[in-house]
Every structure is written in structure tokens, then in C-alpha cells.
Amino acid sequence: MSFLKKEFELYKNLFGKYKLNIESLKIVPEGKALEAGDVFVIYGDILVYGVVIEKNGDLAECVLLSQDVFLSSSKALKIKINHLVDYVYVTHVNFYIEDNFAKNYCQVIINVKEDINKIAENVEELEEQIYTGPRKEYFDLLIDQISLLYDIFFEKIFDETKEEDKIIEINIPYASEFALVAGTNSLRGENFVGIVENNTLKVYLQDNAIGKKGKLIFKNQVIYEGELPNAFVSNNIKVSVEDLKKFLVIEVID
């Protein structure tokens, strides 16, 4: 058995049965809204560390920080935090947190705003990597363990969508062979964020794109053209998350 396989089996045996759930979240005293560069922790059945790489209004775009030196990418930046662990490692896994959630459940440890550009560049580098074997299994498990964060964010988005707001259902051409990763996965583009869960893709557009003329394009094929809605939904998708991340584009025409 390879060293990485042994490391993953150890992680899975120790922590694999745990994931964030709403009952396990611990309210932090004197919580505050997150700011760009904040390194924070969420306390639950597992500890979730993250860093804010961008802040837009009341929404923080965050990157998951791994506690495992071996299963993290060899190209991952190391951040010294001197918390319950000494170091954490940047990953390619992103998620989103609103101010209200942060004020209740996110404890800020340090701020690394001076390094935020370097961290963002590292995230882009890590997104280009192909993860296989134990390392891929590790990140798939991490994503599943924090799926509550995706659920909270996207449920809030779609719950707050008014009757007069548009949600358009689309069909994305399927591949004859594909490997849809189990669990929950997030993706982001220049002007949208998305989530894939239970073979359903939900895409939420940024405010500056909603209502403008535009196109949704996948693998250079125009899937939708017209006035851009608040959100797109595609059910029973049969394309890989990796392809969605690489080839899904929303183009604003004016």
C-alpha cells in the first residue's frame, strides 16, 4: 500500500464519518463579518478552516484550507496559524459564506491580506492540477464533509428569488462517457457561482449580469441566448464537474 493511500485510510478512519451538520455548529462569541484575507475556523463535528480570497457586499468567497500536509497538493501554499494546528494548506476547493452566517459561526484567527494575491494565484494553479488516487479521494471526502455550507448558501439564494425573478431550465449536452463526482461540488466563473448536487446543476448569476443580454455557452456550444436570468438550473446532467468548471461560460453581450 502506498504512503498516500495509508495516509488517506488513516484520515478516513479518524474523521471520515464526520461532516458539518447544522446541529453541530458552535456559535462563536463576538463573531463578525468576514473580510478579504481573513483566515477563520468553523467549529462542528469537524474543524473547517478557510481563507477569504474576495469579498463582494455581504458575500465572502472562501477557499478551504487543509490540515493534512501529505494529502494536500505538493504545490499548495502553507499558512502558519498557530491555532489547534500550526499550519494549514491552500486547496482548490471554494465555497461562499454570507455575513449573517459568519457572525454566528466563523472565528477569525489571523488576516493575511498582504498575501491574498499570492494565495489566489496558488488557487488557480491548484485548480489546473489533475487529482488522482488517494489525493482525489481525500478532496472528494473534504467536499462532502463541508456540503452543509453549499446547501445553506444555495438554499438561501433560491429561497430569496422572488416570483418575478427568472430561473431558466437548460439542457446541457451529455457525454457518452462521464464521471460525475459523488457528493456536492461547487464551481465559479467570471460572473456566476454554481453547485452540482445529486446530478443537478444550479447556476446563480452576479447582480451585474442579471437582466442583460447574454449567452450561456458550454464547450463552445450556445445553450441559451437572450436576457440573462437570476439563475439557471439543469437537471440530470451527464457531464463531469471538471468539464463544467473548464467549459461553462456566461457571456454578457451588453
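The values are calculated or read from the model by the stated rules, or taken from the named source; none is laboratory data. Because the structure is predicted, anything quoted here is derived from the model rather than measured. Please note: Cβ atoms are built from the backbone with ideal geometry, for glycine as well, and neighbour counts cover all protein chains shown. Remember, those area values only see protein heavy atoms, side chains included, never the ligands or the DNA or RNA. Shrake-Rupley method; radii C 1.70, N 1.55, O 1.52, S 1.80 Å.
Taking 0.36 nm per residue of sequence separation and removing the Cα-Cα distance, the E169/L14 pair yields an extension gain of 51.7 nm. Calculated FRET efficiency, N21 and N56, Cβ-Cβ r, R0 25 Å, to nearest 0.05? Here the calculated transfer efficiency is 0.35.
In the chain, the alpha-carbon atoms span a convex hull of 137 Å³ per residue. Each Lys and Arg adds +1 at its Cβ and each Asp and Glu adds -1 at its Cβ; summed about the Cα centre, the stretch 167-252 shows a dipole of about 80 debye.
Annotation: per residue accessible area for the stretch 51-91 equals 44 Å², rounded to a whole number [probe 1.4 Å, protein chains only]. You can think of it this way: the chain between K136 and F3 has 46.4 nm of extra reach, that is 0.36 nm per residue less the Cα-Cα gap. Based on Cα contacts under 8 Å between residues 6+ apart, the stretch 184-254 shows a relative contact order of 35 percent. The apolar share of the surface of the stretch 3-153, taken as the fraction of accessible area on carbon and sulfur atoms (1.4 Å probe, ligands and nucleic acids excluded), comes to 50 percent. As a length-normalised measure over Cα pairs under 8 Å and 6 or more apart, the relative contact order of the chain settles at 16 percent. Around the amide H of I110, modelled in the peptide plane, lie the amide H atoms of V39, all under 5 Å away and 5 or more residues distant in sequence or on another chain.
The accessible surface of the stretch 167-252, taken with every protein chain in place and a 1.4 Å probe, is 42 percent carbon and sulfur. Charging the Cβ of each Asp and Glu at -1 and of each Lys and Arg at +1, and nothing else, the dipole of the chain about its Cα centre rounds to 700 debye.
Here the extension length gained between V233 and F247 equals 3.4 nm, from 0.36 nm per residue of separation less the Cα-Cα distance. Using only the Cα atoms of the stretch 3-153, build the gyration tensor, take square roots of its eigenvalues as a ≥ b ≥ c, and label the shape rounded, prolate or oblate: rounded if a/c is under 1.5, else prolate if a/b is larger than b/c, else oblate. Because a/c hits 1.5 or more and a/b fails to exceed b/c, the stretch 3-153 counts as oblate.
Per residue, how much accessible surface does the stretch 167-252 expose to a 1.4 Å probe? Answer in Å², no decimals.
Per-residue accessible area for the stretch 167-252 comes out at 52 Å².
Spin-label model, K32/Y87: points 7 Å from Cα along the beta carbon direction are separated by 2.9 nm.
Relative to its Kirkwood radius, the Cα radius of gyration of the stretch 167-252 gives an Rg/Rh of 0.93. Only helices enter this figure: runs of n ≥ 4 DSSP H residues, each worth -39500 (n - 2.57), summed and divided by the residues of the chain, yield -8000 deg cm²/dmol at 222 nm to the nearest 500. On a C-alpha basis, how far is the centre of the stretch 202-254 from the centre of the stretch 125-148 in Å? Whole number, if you could? Result: 24 Å between the Cα centres.
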